[in-house]
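In what follows, a structure is listed as structure tokens, so that the remarks can point back to it.
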Amino acid sequence: MTGNESVPCMQTVKLLQEFLDRELTMTEVSTVQGHLDRCPPCLKLFRFEEGVRRLVRIHCGGDCAPSSLRDEILARLKRTRA
Ligand SMILES: [Zn+2]
């Protein structure tokens, strides 16, 4: 596992959505997982997003993800990186 040392957090966060939807290629999955291993803030977001999705699935059958919450996560991440 070398290279891809500097996958931007924003890119990882974008991929997280698809990661959770199981829509990534093997390469992308390892990119995301590699980043999460090195980036605690993104790992935290991932856990959070995963938890949100579980709740959404329970309450809405998986098809009404709160986009405002997603925006909030992205905004929070930007603030973290600033
Ligand atoms: Zn990150």
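The values are calculated or read from the model by the stated rules, or taken from the named source; none is laboratory data. Here the structure is a predicted model, which means the values were calculated and not measured. Glycine gets a Cβ as well: all are built from the backbone with ideal geometry, and neighbour counts include every protein chain shown.
Of note:
- Any hit, segment 27-35, residues being crowded, with 16+ Cβ neighbours inside 10 Å, within 14 Å of the ligand (Cβ to nearest atom) and at pLDDT below 90: no
- Filter result for residue 55 (modelled with pLDDT under 75 and farther than 14 Å from residue 10 by Cα): no
- Scanning segment 36-61 for residues that are more than 16 Å from the ligand (Cβ to nearest atom) and surrounded by 14 or more Cβ atoms within 10 Å (Cβ to Cβ) yields a total of 3.
- Selected residue [touching an Asp or Glu at 6+ places or on another chain (Cβ under 9 Å) and of a type in the set (A, V, I, L, M)] from 36, 20, 55: 20
- For segment 9-26, filtered to residues that are farther than 19 Å from residue 40 by Cα and not acidic (Asp, Glu), the residue that is surrounded by the most Cβ atoms within 10 Å (Cβ to Cβ) is 24.
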